[in-house]
Amino acid sequence: MKIPKEKTAIVLIEPQNDFLSPGGTMYQYIADQLKKRNVIANLQKLLSGARGKVKIFYLPFQAFKPGFPELKEGGPGTEGLRGIEMKMKADWGVGAWLEGTPGPEIVDALTPQKGDIVIRGKLTLDAFHSTALNYLLRANEIEYVAFTGFHTNWCVESSARSAYDLGYRVLVIKDCTGTDTDREQEYAEQVIFPRIGKVMTADEFLKAIG
């Protein structure tokens, strides 16, 4: 497979301390999978090999102020996954994505480099819903969008589905995604992603963009 690099972008979803660093609110759940699948090293290889060839977009989750005043108490924004995250404990406090803590900061191992584009404002599972991602992809005449990041069956899947519906050619770099269990990872890789795009490894992607 040959992928035209001038029409291709990598989207890296939520490479942040709350997921990826010891002491983060959700690290304990994903830690075994990160180690088993070598996800961080795979991402480093992918990004270093792709820089200068394709556009790279970072989509970190937006920080909340302590106490989550942005969300109405008892409202829909505090239910489901967000409600669970609000009660999770980190070494630096209670609640995920707290402003002023290490939680929402991008991990050192995946620090954006010159030329990488960091898109702020992500407040939903879908990276397109509350950000300028779609505009910036269109403005750069991107056709192929390669998804990486966390969690595979939550934000990566939601974003990949939207990209498919928006008319992009969807790629998922499977060894550069991670979630909490083998079952969740394998279901997304084997059942969901093949129906909306192509699933490949970092090495396969780098070879395809030359």
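One table, with the values for the structure above:
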{"item": "Lys pairs under 28 Å by Cα in region 11-103, provided they are eight or more residues apart or on distinct chains", "result": "13"}
{"item": "Footprinting exposure proxy for THR152, THR78, THR131 (fewest neighbouring C-beta atoms within 10 Å first)", "result": "THR78, THR131, THR152"}
{"item": "Relative contact order (%) - criterion: Cα under 8 Å, at least six apart; region: region 144-197", "result": "45 percent"}
{"item": "GluC sites (Glu not before Pro) lying in DSSP loop within region 5-84, provided at most 12 other Cβ fall within 10 Å", "result": "GLU70, GLU73, GLU79"}
{"item": "Between region 88-102 and region 158-189, the Cα center-to-center distance that results, in Å", "result": "27 Å"}
{"item": "Residue among GLY67, GLY80, GLY100 with the largest mean-square fluctuation in a Gaussian network model of the chain, springs linking Cα atoms under 10 Å", "result": "GLY80"}
{"item": "Exposure proxy order (Cβ contacts within 10 Å, fewest to most) of MET88, MET1", "result": "MET1, MET88"}
{"item": "Antiparallel content of DSSP bridges confined to region 1-128, in %, to 5", "result": "25 percent"}
{"item": "Top of PRO102, PRO66, PRO76 by mean-square fluctuation, Gaussian network on the chain, Cα under 10 Å", "result": "PRO76"}
{"item": "Percent antiparallel among DSSP beta bridges (both partners in region 53-210, rounded to 5)", "result": "10 percent"}
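Just so you know, all these numbers are worked out from the coordinates, no wet-lab data involved. Owing to the predicted nature of the structure, the values given are computational and were not obtained by experimental measurement. Note that we place each Cβ from the backbone using ideal geometry, even for glycine, and neighbour counts take in every protein chain shown.
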